[in-house]
Number of protein chains: 2
Amino acid sequence: MQLLKEAIETKGRVIDDKIIKIDSFLNHQVDVELVSAMADDLYEHYKDAGITKIITLETSGIAPAFATALKMNVPFVFIKKAMPSTMMNPVTTKVFSFTKNKVYEVCMERDFVSENDKVLFIDDFLANGEAFKACETLIKACGAELKGVGIVVEKAFQNGHKYIVDKGYDLYCLASIDTIKDGKIIWAD
Amino acid sequence: MQLLKEAIETKGRVIDDKIIKIDSFLNHQVDVELVSAMADDLYEHYKDAGITKIITLETSGIAPAFATALKMNVPFVFIKKAMPSTMMNPVTTKVFSFTKNKVYEVCMERDFVSENDKVLFIDDFLANGEAFKACETLIKACGAELKGVGIVVEKAFQNGHKYIVDKGYDLYCLASIDTIKDGKIIWAD
């Protein structure tokens with residue numbers, strides 16, 4: 001998605017060979033027009049997949065998940081990083097965070113996802129796929145079918161891409177980074 | 001907002017005299033059509049206030065903030081509950097959470113809000129106003145003007161309402177609860 005790549009190049013910041021910062025338009029401040037354009041692109045790719053529910057993991061996936069859910073006219077669910085005391089019937093699993101070097105638990109209300117649901121998972125970043133694997137576990141625990149994985153920015157040089165493609169899921173990334181070297185982003189396509 | 005009140009009455013759950021649970025359409029699963037209708041209502045109220053930026057606190061305010069920002073065609077910023085290591089120029093303050101009975105820190109990148117900004121604060125719930133006060137502190141620290149406070153559900157029997165109105169802010173709540181008694185919600189209007 002050309003508009004997104006330009007935003008990353010002009011408004012993003014390369015921190016090191018693994019980390020880019022896009023908090024001026026997606027992860028902290030949100031450019032709603034750009035996120036709507038992302039949703040148009042995701043909608044176009046998945047519109048015939050029979051999606052009935054979008055799932056993301058809080059927090060930064062919520063904006064693109066909302067915008068895409070709006071185009072598809074389906075509800076979305078954000079998986080939570082802390083269990084509310086009022087959750088009735090939770091499914092839970094653990095996630096290893098490379099960034100924070102620790103394991104944390106995520107949870108979702110089982111009643112919001114059924115075995116009849118065809119799920120599109122959406123997230124802001126795909127790196128090693130640890131967050132994705134946890135969400136995949138929760139979606140499976142509810143008996144739903146995972147029909148697609150829509151990602152805003154993937155770092156194709158890490159392990160998440162291969163894991164998802166090897167499992168046969170329809171992975172669609174709006175911007176795919178092949179390498180980050182000497183402060184420069186080399187796109188995969 | 002009648003549609004929202006009906007959703008609360010039919011899909012919400014009264015937990016006790018202070019807590020209602022609306023996680024089937026706002027706080028965990030999100031009904032995007034209903035949230036869009038909320039945004040229409042918020043837009044109608046604040047459309048002449050010259051808003052340049054919407055601010056919310058992660059996580060459950062993000063969906064209504066996004067939808068309203070989309071109608072107003074302005075960016076929004078979600079204040080964070082954990083400081084990312086990559087934040088360049090943070091403003092921070094502390095929040096006391098009655099629900100969790102503990103103090104935590106929230107932060108925002110100073111560069112995303114300027115003294116020229118006219119800010120609309122949006123959140124899902126207003127109870128004692130502790131989260132609001134923290135956001136007010138951060139908005140002031142950036143020198144911006146707080147022009148309005150848009151809330152999805154307020155519990156008017158707690159202290160937040162009075163705090164905000166006494167300060168002269170334009171508070172607009174889509175649903176206002178006067179009392180919760182014996183499992184029933186009494187609306188304030």
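Structure values in brief
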item	result
The one condition in (1) touching a strand residue (DSSP E or B) at 6+ places or on another chain (Cβ under 6 Å); (2) free of Cβ contacts under 8 Å to residues at least 12 places away in the same chain; (3) facing chain B (nearest Cβ under 9 Å); (4) not in a loop (DSSP other than H, G, I, E, B) that A:Phe66 fails to fulfil	(1)
Residue within the range A:170-188 that is closer than 24 Å to A:Thr59 by Cα, part of a helix (DSSP H, G or I), touching a residue at least 12 places away in the same chain (Cβ under 8 Å) and open to solvent by 10 Å² or more (accessible area, probe 1.4 Å) present	no
Matching residues, the range B:110-134, being outside any strand (DSSP E or B) and within 14 Å of chain A (Cβ to nearest Cβ)	B:Arg110, B:Asp111, B:Phe112, B:Val113, B:Ser114, B:Asp117
Any hit, the range B:116-130, residues being under 21 Å from B:Val74 (Cα atoms) and open to solvent by 50 Å² or more (accessible area, probe 1.4 Å)	yes
Check on B:Val95, touching a His at 6+ places or on another chain (Cβ under 7 Å) and hydrophobic (A, V, I, L, M, F, W, C)	no
Residue in the range A:1-23 that is nearest to the other protein chains (Cβ to nearest Cβ), counting only those that are of a type outside the set (A, V, I, L, M, F, W, C) and either assigned to a strand (DSSP E or B) or under 18 Å from the mean Cα position of the chain (by Cα) (or both)	A:Lys21
The one condition in (1) within 9 Å of chain B (Cβ to nearest Cβ); (2) crowded, with 22+ Cβ neighbours inside 10 Å; (3) in contact (Cβ under 8 Å) with a residue 12 or more places away in the chain that A:Glu58 fails to fulfil	(2)
Residues located in the range A:40-63, provided they are in a loop (DSSP other than H, G, I, E, B) and polar (S, T, N, Q)	A:Thr52, A:Thr59, A:Ser60
Some residue of the range B:131-148 being touching an Asp or Glu at 6+ places or on another chain (Cβ under 6 Å), under 22 Å from B:Ile20 (Cα atoms) and either in contact (Cβ under 8 Å) with a residue 24 or more places away in the chain or buried (at least 18 other Cβ atoms within 10 Å of the Cβ) (or both)	no
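The values are calculated or read from the model by the stated rules, or taken from the named source; none is laboratory data. These numbers come from a predicted model, not from an experiment. Cβ: placed from backbone, ideal geometry, glycine included. Neighbour counts: every protein chain shown. Surface accessibility is based on the protein's heavy atoms, side chains included, excluding ligands, DNA and RNA. Shrake-Rupley method; radii C 1.70, N 1.55, O 1.52, S 1.80 Å.
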